[in-house]
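To start, the structure itself, in structure tokens.
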Amino acid sequence: MLLLIFVFVSSRSFAQRDVLPMLRDSLYSEILKEERGFDIVLPAKYDPQSPEKYEMIYVMDAEWSTRITSNIYEFLSIDFMPQSIIVGVNNTPSGKENMRSRDFTPTKVDGNPNTGGADLFLSFIKNELIPYIKKKYKSSGVNTYCGSSLGGLFGMYGMIKEPKLFSSWLLADPSFWWDNGFMKKLAAEHLSDLQGIPLTLLITGREGEAFIGMGTADMDSILKSKAPSSLHWKVNKYSGETHNAMIFRTVYDGLKFTYEGYLKEDLEFHPMNGIIVKDKPFNILFVDDNYKSIHYTTDGTQPTAASAPAAPKVSVVNATTLTARSICNRERYDKTATGHFTMGTTLPATTKNKNATAGGLHYDYYEGSWDSLPDFKKLKPIQSGKTSKDFDLAKLPKQHDFACVQEGQLETQTDGYYLFGIQCDGATRLYIGGKLVIDYGINHPADKFQSFLLPLAKGFYPIRLEYLQKKGNPSLNMVYLKPGDQNPSGIGLEVEYSK
């Protein structure tokens with residue numbers, strides 16, 4: 001059985017990043033009858049002229065939570081979530097005192113007249129703040145809410161009253177004790193009203209007495225019995241944390257939970273296509289670390305969450321159409337990849353060409369303006385040579401509008417499955433034993449590896465690689481994996497060549 005292990009070098013930079021700038025904005029609220037300020041943190045490559053739109057993270061208690069959220073988001077956006085815009089909502093209106101106890105509480109309590117303003121504040125967010133943000137900034141209209149303590153109480157109230165306002169609700173150590181557990185009663189009565197609305201909800205609490213005293217334990221029980229199937233929820237309990245520190249854990253774990261299953265790059269597995277021999281199994285390797293959110297089928301149907309879960313490697317026998325799907329909590333980020341494996345026989349080997357010498361392929365270099373690979377039989381090469389250890393595409397006369405054909409013989413030392421892979425910028429076709437196995441026939445930017453599984457016998461096989469670079473920076477990485485090997489070998493210096 002063939003084990004496929006590819007080693008990929010990430011092109012992403014993990015060097016120190018600049019802190020994203022925080023902008024100040026405000027609007028006058030006719031609903032609240034006051035000027036309300038908020039912070040805006042835009043993605044690093046935000047372009048007002050671009051058609052790209054961004055998902056939004058609305059965070060309460062902006063006076064200290066905006067920068068916390070921004071720093072955590074910037075790290076998570078490297079791998080775990082898409083570029084987003086942060087809106088930090090300040091609690092202190094212009095010229096007034098802090099209004100969080102007024103804005104975040106759904107009921108008035110005796111002895112504190114400045115409470116019970118949640119309905120007005122929710123109306124402000126829905127009818128004034130979000131429309132203003134969507135008009136002025138490049139919002140996609142998909143929103144995440146993050147609130148702590150009383151802000152968490154308000155978040156649960158908002159989810160019950162206006163469930164479509166935010167797609168994800170992140171509640172840090174929420175004050176469910178408020179007004180003798182008013183929110184717990186409301187949730188028990190109305191959670192079922194959310195059926196059919198796809199939402200994610202993360203509630204965090206502190207282990208021990210605080211988990212009970214804040215009302216989180218009771219809310220956990222209510223969710224277990226009342227939450228509809230369309231609500232994807234989780235309650236996290238942490239030890240060794242303080243009430244104020246919970247915002248850090250909630251933003252990090254909450255955003256990861258919101259985008260659980262998100263893949264930064266395309267869904268990828270190897271081999272992607274190939275020819276297989278009857279009753280000789282092979283393994284498919286899922287190269288993404290986040291494979292736990294990937295499901296697959298082998299009958300050509302679209303995978304669902306009920307389909308077989310992926311593993312680092314999946315064994316396949318006989319003809320198969322393998323369809324894999326990464327399933328994200330935000331469905332818009334689901335990704336699918338399909339591989340086709342057909343039945344065949346081992347490709348027959350040939351003998352070594354008597355004039356062949358080891359150490360590289362023969363190459364012919366051509367110049368011209370083509371959009372796709374040309375008919376090389378009609379062309380005359382400008383330069384010819386051998387792909388020795390000094391060969392480099394960057395040393396060819398031109399770096400655009402050129403084509404290069406490499407050919408020779410590949411020696412195989414044993415019978416079995418061989419996997420061939422190519423990653424390039426340009427257009428490429430790879431032939432093994434006269435068979436076209438990888439076809440990048442038209443010019444394209446650098447892309448993921450394309451791979452093909454081929455059963456070969458011990459011996460020699462003609463190999464031909466056609467490459468076209470129209471513009472950009474020429475790059476071509478061609479590798480193959482031998483039976484029993486775990487690391488791919490480069491094709492070139494190890495190959496016989498003949499002119």
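The values are calculated or read from the model by the stated rules, or taken from the named source; none is laboratory data. Note that the structure is predicted; figures quoted are calculated from it, not measured. Heads up, the Cβs are rebuilt from the backbone with ideal geometry, glycines too, and the neighbour counts pull from every protein chain shown.
Which of (1) part of a strand (DSSP E or B); (2) over 30 Å from E265 (Cβ atoms) does A427 not meet, given it meets every other one?
(2)
Among the numbered criteria (1) outside the structural domain of N98 (by TED's automatic domain parsing); (2) at pLDDT 95 or above, which single criterion is violated by I40?
(1)
Before we move on, is L186 surrounded by fewer than 20 Cβ atoms within 10 Å (Cβ to Cβ) and touching a strand residue (DSSP E or B) at 6+ places or on another chain (Cβ under 6 Å)?
For L186, the condition - surrounded by fewer than 20 Cβ atoms within 10 Å (Cβ to Cβ) and touching a strand residue (DSSP E or B) at 6+ places or on another chain (Cβ under 6 Å) - is not met.
Mind checking which pairs have a first residue in the stretch 370-381 that is more than 16 Å from T428 (Cβ to Cβ) and a second that is part of a strand (DSSP E or B) and charged (D, E, K, R), Cβ under 7 Å, 6 or more apart or different chains?
Within 7 Å, the pairs are P381/D364.
Please go through the stretch 61-91 and pick out each residue that is under 15 Å from S168 (Cβ atoms) and either in contact with a Lys or Arg (Cβ under 8 Å, 6 or more places away or on another chain) or assigned by TED's automatic domain parsing to the domain that holds R330 (or both).
L76, F80, M81, I85
Can you tell me which residue among G274, G254 is buried (at least 21 other Cβ atoms within 10 Å of the Cβ), modelled with pLDDT of 90 or more, at positive phi and not aromatic (F, W, Y)?
When all the criteria are applied, what remains is G274.
Pairs only if they're at least six apart or on different chains, beta carbon under 6 angstrom, first in the stretch 108-121 and without any contact (Cβ under 8 Å) to a residue 12 or more places away in the chain, second β-branched (V, I, T); list them, first residue then second.
K108/T115
Go through the stretch 83-117 and give me each residue that's modelled with pLDDT of 95 or more and among the small types (G, A, S).
Within the stretch 83-117, S84, G88, G116, G117 meet the criteria.
Identify all residues within the stretch 356-371 that are closer than 21 Å to K389 by Cβ and of a type outside the set (G, A, S); write none if there are none.
Once the filter is applied, which keeps residues that are closer than 21 Å to K389 by Cβ and of a type outside the set (G, A, S), the stretch 356-371 yields T357, L361, H362, Y363, D364, Y365.
Within the stretch 306-328, how many residues turn out to be of a type outside the set (V, I, T), in contact with a Ser or Thr (Cβ under 9 Å, 6 or more places away or on another chain), surrounded by fewer than 20 Cβ atoms within 10 Å (Cβ to Cβ) and modelled with pLDDT of 90 or more?
Within the stretch 306-328, residues that are of a type outside the set (V, I, T), in contact with a Ser or Thr (Cβ under 9 Å, 6 or more places away or on another chain), surrounded by fewer than 20 Cβ atoms within 10 Å (Cβ to Cβ) and modelled with pLDDT of 90 or more number 4.
Would you please name the residue that is nearest to C328 (Cα to Cα), looking only at residues in the stretch 262-283 that are in a strand (DSSP E or B) and of a type outside the set (A, V, I, L, M, F, W, C)?
H270
If you take the residues in the stretch 118-147 that are over 25 Å from N98 (Cβ atoms) and of a type in the set (D, E, K, R), which one is surrounded by the fewest Cβ atoms within 10 Å (Cβ to Cβ)?
Top of the filtered list is K135.
Find all pairs meeting these conditions: Cβ atoms under 9 angstrom apart; at least six residues apart or on different chains; first residue within the stretch 474-489 and small (G, A, S); second residue not in a strand (DSSP E or B).
Every condition considered, the pairs that remain are S475/L393; S475/A446; G484/L2; G484/L3; G484/T414; S489/K482.
Kindly establish whether Y440 is closer than 22 Å to F341 by Cα, at pLDDT below 90 and surrounded by 15 or more Cβ atoms within 10 Å (Cβ to Cβ).
Taking the combined requirement at face value, the residue satisfies it.
What is the number of the single condition among (1) modelled with pLDDT of 95 or more; (2) in contact with a helix residue (DSSP H, G or I) (Cβ under 6 Å, 6 or more places away or on another chain); (3) among the aromatic types (F, W, Y) that Y262 does not meet?
(1)
Just to be sure I understand, how many residues within the stretch 387-407 are basic (K, R) and either touching a strand residue (DSSP E or B) at 6+ places or on another chain (Cβ under 6 Å) or without any contact (Cβ under 8 Å) to a residue 40 or more places away in the chain (or both)?
Selection size over the stretch 387-407: 2.
Name the residues in the stretch 123-151 that are part of a helix (DSSP H, G or I) and either under 16 Å from L171 (Cβ atoms) or among the hydrophobic types (A, V, I, L, M, F, W, C) (or both), would you?
F124, I125, L129, I130, I133, L150, G151
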